[in-house]
Each structure stands twice: as C-alpha cells, then as structure tokens.
Amino acid sequence: MGDLQASVYVDGERSDIDSVDSLSQRLDRDPAAFGWLSLTDPAAAETARVVADLGLKPLLVEDLVDAGQRPKAERHGEALLLVLHPVRTPTPERAVSTGELHVVVTDRWLLTIGHDTGSLVSEVAADLAGRPAVLRRGPRAVAVTLIDRVVDDYAPACDLLEGTADDLVSQVFGGADHIGQEIYRASQQITVLQRAVRPVPAILDELQSDRLLEQADEQLQHRLRDIADHAAHLKDRTAALRDELSRAMDLTLSQQMRAQAEDSRKIAAWAGVLFVPSLVTGVYGMNFRQMPELAWPLGYLWGLGLMLAGGVAMYLIFRWRRWL
C-alpha cells in the first residue's frame, strides 16, 4: 500500500500535513497557499479513500482508482486530469519499461498518483524545494514541471535505442546472420517507448488551451510550448527509429530468403550432378539378358567413364550457371 505524502506550500515554503482534512483547513485559512498530495504505488482502496475525501466527480474517481489508463488530458469540472506514462531509464542490460502517472490539478491543489514510477515524484519535489520561484506560481507550475521531467526522461531511452538500432543496421549490412530476434526485441522496446511518447504532443496542445493554463503567466506558457516542441521532436525520433528497424527486419528477411534460395539451388545442382551416375547405374542394373555392354570386356570401364563424364559435364554446366 502506498503512503500518502501531503504538503502545503506558502510563498515557496513547504510544510507537511497528515491528512486531506488538514489540507482543506490550511487552504481555507490561507488563500495564498496550495496543497500537494502524492501517492506512490497505492492499492485501489487507498486511492479510493483519498479521492473520496477530495470530493472529486465519480468519473474522475473511476479513472484514478483504475490503473491502466491511456495517456490523456481530460477536464472534470474544476479539476484537470493528466495521465502520462513515464519511462524508466533503460540500460544495455534492462529493457525499456513504462509506469503510469496520474496528475489532478486545480487552482488550489494537485494530486499525483504514481504506478511503477519509482522516485520520479519525490525527485521533482526535492528539485522544486530549491526553486521557490516556481512554487510561488502554484499547482499549475508544479504540474508543468512534472510533465517536463517525464518528457526529458524519454530522451535517454531514445538515445540508447538509437544506438542499438544503428548497431543492428550495421550488422545487417555487414552480412551478420541470425540477428532477426535481436531486431524484433529492439522493435518491441521502441514500440513501448513510442506508445508513451506519441500521445504527449496532443496532450500538451489540449493543456495549452485549457483554462488552467490560459490563466498562467507568459513564462509558464512559454515553458509549456518548449516542452511541446521537445515532445514533438521525440515523437518524430521514435517513429523514425521504428521505420529504421522495420527496414532492417525486411532486409534481414530478404537476405535469409536469398540464402535459402542459394541453398536450394546448390541442393538441386548436386542432385543434377548425381543424376547421370544414378541413371547409368539404373539402366545397367535392370538385369535384361540382351544388353550388349554386359558381355563387352570394356563394359565396366565404359560404364564408369559414362558416369564420370556425365557427372563432370553436369557439374561444369551448373558452375557456368553459378549454381555451384
């Protein structure tokens, strides 16, 4: 079960509280304050309890309780829901994987719920502790900072996969065999990353037109536009990566088919070479009484010579046709 981390920020300064009720009381007393509630890997019952205390709309509650939501931005009355899929930084030994981050933003508070997101939210909170100017802009600025971190974390994963793709393409053009499975595994990782990145530009477009950000200052809006540009660039990079590996897979399959065709030609050619000796053996092995060569003193040498000459002739023909 995930622990609830609850804080109130006043003029960029943080103070911790112990419940949603305490948050409401503090916000009522101080109009300049805003609250931040955070749950990490919570059970469904824990999430349901917290969101019920916040008095959210039923459809929003349903989305928050049920993990497995697609990336999106949705307005629910006074609250704006953002769902993002942060990526865990991959390594050469660990594949790309994503979590799920729910961010609910209002004018006075925000709620973050992380599923398999590691320490992302706590790291952002620690970073913001040293940036009171951002905190003074309220919940919308915290939400934008979270989005910025999620988008920034896509870049190292994209860099690693680009390196993997370039290496695989070089191996393909270098004539390496049996790398189809490696290309397929890399394609799967790129697909995971692409599913996380691809919806983000559309989400940011919706966010820029939402009333929550329309009320933001120009600096925050400019930052959101920069994040949108970065997300669009990453979307293009992941699409290009997938296309590159798709072409590499097609080339690998064509090389395998060509190698199989060459093997088939070689097998057919050797079968043709051996056909003449088999034919001669079969003819003289039919045991007819009236076969002149059987009584001929040079018949044995004649048969061997015929098999050898026919085999050599077929071999030379197939060599000339480059089947051998």
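The values are calculated or read from the model by the stated rules, or taken from the named source; none is laboratory data. In this text the structure is predicted, and so the values were computed from the model without any measurement. Note: ideal-geometry Cβ built from the backbone for every residue, glycine included; neighbour counts use all protein chains shown.
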Would you mind stating whether ALA32 is more than 28 Å from the chain's Cα centre (by Cα) and part of a loop (DSSP other than H, G, I, E, B)? yes
Unique match (being in a helix (DSSP H, G or I), in contact with a Pro (Cβ under 6 Å, 6 or more places away or on another chain) and farther than 22 Å from ASP21 by Cα) among VAL150, VAL144: VAL150
Identify, by number, the condition in (1) out of contact with any Lys or Arg (no Cβ under 6 Å at 6 or more places or on another chain); (2) under 30 Å from GLU162 (Cα atoms); (3) buried (at least 16 other Cβ atoms within 10 Å of the Cβ) that LYS235 doesn't meet. (1)
All positions within the stretch 130-140 that are touching a helix residue (DSSP H, G or I) at 6+ places or on another chain (Cβ under 8 Å) and either surrounded by fewer than 21 Cβ atoms within 10 Å (Cβ to Cβ) or in a loop (DSSP other than H, G, I, E, B) (or both): VAL134, ARG137
Based on what the data block shows, is ALA202 surrounded by fewer than 20 Cβ atoms within 10 Å (Cβ to Cβ) and either under 13 Å from the mean Cα position of the chain (by Cα) or closer than 30 Å to GLN255 by Cβ (or both)? no
Kindly provide the set of residues from the stretch 38-78 that are among the small types (Gly, Ala, Ser), surrounded by fewer than 17 Cβ atoms within 10 Å (Cβ to Cβ) and outside any loop (DSSP other than H, G, I, E, B), ordered by number. ALA44, ALA45, ALA48, ALA52
Can we say TYR284 is modelled with pLDDT under 75 and on the phi < 0 side of the Ramachandran plot? yes
Which is touching a Gly at 6+ places or on another chain (Cβ under 7 Å), modelled with pLDDT of 85 or more, on the phi < 0 side of the Ramachandran plot and buried (at least 19 other Cβ atoms within 10 Å of the Cβ), of GLY99, GLY35? GLY99
Near pairs, Cβ below 7 angstrom, 6+ apart or cross-chain, from the stretch 141-167 (closer than 17 Å to LEU241 by Cβ) to any residue that is in a helix (DSSP H, G or I) and of a type in the set (Lys, Arg): CYS158/ARG237
